[in-house]
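What follows is a single structure, written as structure tokens, with notes after it.
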Amino acid sequence: MVGWLAVNHLVLSRLVFRPIHQLAKTMRRADPAALAGLCLEVNRHDEIGELQTAFNQFARTIGEKQAELAARNVELQSANRELERAHGELTAS
């Protein structure tokens, strides 16, 4: 009986607890600025594999949105500089 419990614990640990622990560890270190670079290895075709795949998609989406925001921010800074220049010209005349 004890041997069966030990084997059962080992199997659960490898199949369930380790992947969930890896996901939790990755989420804890997930700095939104670096999230796009995080990717979990998906080698399962069950609910945990689906969870890993969903996390990877989430990380990719966050990375894409951050890149879009950075590009838009550059555009807005350029527009602000142009407005400041135009304002300076109008107030100087």
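The values are calculated or read from the model by the stated rules, or taken from the named source; none is laboratory data. As the structure is a prediction and not an experimental result, all values here were calculated from the model. Cβ atoms come from the backbone with ideal geometry, glycine included; neighbour counts cover every protein chain shown. Protein only, heavy atoms only, side chains kept; ligands, DNA and RNA dropped before computing areas. Shrake-Rupley method; radii C 1.70, N 1.55, O 1.52, S 1.80 Å.
Qualifying GluC sites (Glu not before Pro) in region 35-85, where qualification requires a DSSP coil assignment and no more than 13 other C-beta atoms within 10 Å, comprise E41.
Here the label points at L90 and A70, each 7 Å from Cα along the C-beta direction, are separated by 3.4 nm in the simple model.
Find the accessible area per residue for region 20-93; the probe is 1.4 Å, ligands and nucleic acids are left out, and the unit is Å². Each step should come with its number before you reach the end.
Details: 5710 Å² over 74 residues.
On a per-residue basis, region 20-93 sits at 77 Å².
Binning the C-alpha pair distances of region 46-93 at 5 Å intervals from 0 yields a P(r) profile of 5, 19, 11, 12, 10, 8, 9, 6, 6, 5, 4, 3, 2, 1, 0 %, listed from the shortest bin outward. Shown in residue order for region 39-54 are the 3J(HN,Hα) couplings computed by the Karplus curve 6.51 cos²θ - 1.76 cosθ + 1.60 at θ = phi - 60°: 8, 8, 6, 10, 10, 10, 10, 10, 4, 5, x, 5, 5, 4, 5, 4 Hz (x for Gly and Pro). Tell me the trypsin sites (Lys or Arg not before Pro) within region 24-93 that lie in a loop according to DSSP and have at most 13 other beta-carbon atoms within 10 Å. Of the trypsin sites (Lys or Arg not before Pro), the ones in loops of region 24-93 whose Cβ has at most 13 other Cβ atoms within 10 Å are R29.
Taken one residue at a time, the phi angles of region 75-82 give Karplus couplings (6.51, -1.76, 1.60, θ = phi - 60°) of 4, 5, 4, 5, 4, 5, 4, 5 Hz. Gly and Pro are set to x.
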